[in-house]
Amino acid sequence: MSNQKIVFLGTGGTIAGTAASALEHSDYTAAQVGVHALLASLPGWNDGQGAERYVVEQVAQLDSKDMGFDVWVKLAIRVAHFLAQADVQGIVITHGTDTLEETAYFLQALLAPSKPVVLTCAMRPSNALVPDGPQNLLDAVAVASSAGAHGAHGVTVVCAGAIYGAEEVQKIHPYRLNAFSAGDAGPIGFVEQGRLRLLRDWPRGQGLTLGSALADAAWPRVEIVMSYAGADGTVVRALLKAGVKGLVVAATGNGTVHQDLEAALVLAMQQGVKVLRATRCAEGRLLPGANDALPAAPGLTPVKARIALMLALMQGR
Ligand code: SIN
């Protein structure tokens, strides 16, 4: 057994949820069970080595649909704190599936950790007859422990035996156990009987220099508008009045935007609002053109482009 520590940070989600019946998978309350209790039920947890090897902290307890900047800041500060400890090998974060891809992208863009930071989750509540959370947790521990053997690093998501990169991962199904995909990028690899089978590289990046300034930083208002049949600039004009600082347009196809919406977005840019286009397609990367009226965020979904834009604005970029 390694003498390096694995840190568990609990934030809630279905993995910590409970239902009125063990057969109920959709009507339940998320974020009811503490992360200490979730871990105590895992095999090997109470074999005497757990206390030395594992550090456990409840950072938040929420349904991730309600995720907000306050929890993100708290989580990022704790992740950065533990990453800086020499005896910490990796971090596992339990999280709801609904905004998991946003938190994963936020942490990767901010910290670009050189150690593994693994978000995991469940699609069934903790008291289901056959819950998926315990196996996901064990698989996440396998990844978080793999900095040496497999060079694991960066923020990843582990669900249903697959390992996904923070930039590509997306929830694609409302209730299937295997609810995530990395689109045409595919998963980084799989966890099979506790062993990793890797298909491609771990997430890379620079990380940002926000550091402790993040705690006091004002989050700029960045909203997402969608282009669709009949879309016009009404929402954009209302958001300008509300003081929006950035706009992401969830564009059709390869980043095309309804002409009326585009005209409103060009006007917004002329008034100093930052605008980014991301494709609303589930797969593939947006390929920018030389004559595009609006800047693009290739490879990012609209929700991730929003995070990228918020962080850029916070950095004064
Ligand atoms: C949540 O996102 O917190 C609830 C849904 C889930 O975890 O699957």
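Average 1/r across all pairs of distinct alpha carbons in the stretch 16-119, invert it, and you get the Kirkwood radius: 15.2 Å. Mean residue ellipticity, 222 nm, helices only, the chain: the sum of -39500 (n - 2.57) across DSSP H runs of n ≥ 4, divided by residue count and rounded to 500, is -8000 deg cm²/dmol. Antiparallel beta bridges, as assigned by DSSP with both residues in the stretch 174-317, represent about 30 percent of the total such bridges. The charge dipole of the chain, taken about the Cα centre with unit charges on the Cβ atoms of Lys, Arg (+1) and Asp, Glu (-1), comes to about 580 debye, rounded to the nearest 20. Over all pairs of different C-alpha atoms, the stretch 219-314 has a mean inverse distance whose reciprocal, the Kirkwood radius, equals 13.0 Å.
The alpha carbon centroids of the stretch 15-47 and the stretch 172-226 are separated by 24 Å.
Helix 302-314 axis versus longest C-alpha principal axis of the chain: approximately 80°, rounded to the nearest ten. Is there a pair in K74/K304; K245/K304; K171/K274; K115/K304; K74/K115; K171/K245 whose C-alpha atoms are over 24 Å apart, and which pairs would that be? Over 24 Å Cα-Cα: K171/K274; K171/K245. Tell me the carbon and sulfur percent of the accessible area for the stretch 206-317, rounded to whole percent, probe radius 1.4 Å. Taking all protein chains in place, the stretch 206-317 shows 52 percent carbon and sulfur surface. What a 1.4 Å probe finds exposed on the stretch 3-54 is 47% carbon and sulfur by accessible area, rounded to a whole percent.
Hydrodynamic estimate: the Kirkwood radius of the stretch 76-184 over Cα pairs, inserted into Stokes-Einstein at 10 °C and 1.306 mPa s, corresponds to D of 114 µm²/s.
Helix 259-270 and the long axis of the chain differ in direction by around 90°, with both axes built from C-alpha atoms. Counting only protein heavy atoms and a 1.4 Å probe, the stretch 219-314 has 47 square angstrom of accessible area per residue. Taking all Cα pairs closer than 8 Å and separated by 6 or more residues, the relative contact order of the chain comes to 14 percent. Electrostatic tally near P220: other residues with Cβ closer than 13 Å to its Cβ, Lys and Arg +1, Asp and Glu -1, net +4. Global size of the chain: 20.2, 65 Å for Rg and Dmax (C-alpha atoms, Rg to one decimal, Dmax whole). Fully extending the segment from A40 to A149 would add 36.6 nm, taking 0.36 nm per residue of separation and subtracting the current Cα-Cα distance. The relative contact order of the stretch 20-112 comes to 27 percent, based on Cα pairs under 8 Å that sit 6 or more residues apart. Taking all protein chains as they are arranged and a probe of 1.4 Å, the heavy atoms of I172 leave approximately 80 Å² accessible to solvent. If you restrict to DSSP beta bridges whose two residues both lie in the stretch 5-198, what percentage is antiparallel, to the nearest 5? Of the beta bridges lying entirely in the stretch 5-198, close to 40 percent run antiparallel.
Over all other residues within a Cβ to Cβ distance under 10 Å of K304, the charged ones net out to -3, with Lys and Arg as +1 and Asp and Glu as -1. The spacing between the stretch 136-150 and the stretch 251-317, judged by their C-alpha centroids, is 35 Å. Here's the picture: charge each Lys and Arg Cβ at +1 and each Asp and Glu Cβ at -1 in the stretch 219-314, and of G243, L300, W219 the one pushed furthest to the positive end of that dipole is W219.
The mean accessible area for residues of the stretch 5-198, using a 1.4 Å probe and ignoring ligands and nucleic acids, is 39 Å² per residue.
The values are calculated or read from the model by the stated rules, or taken from the named source; none is laboratory data. No experiment lies behind these values; they were computed from the predicted model shown. Note: ideal-geometry Cβ built from the backbone for every residue, glycine included; neighbour counts use all protein chains shown. These accessible areas exclude ligands, DNA and RNA; they are computed on the full protein's heavy atoms, side chains included. Shrake-Rupley method; radii C 1.70, N 1.55, O 1.52, S 1.80 Å.
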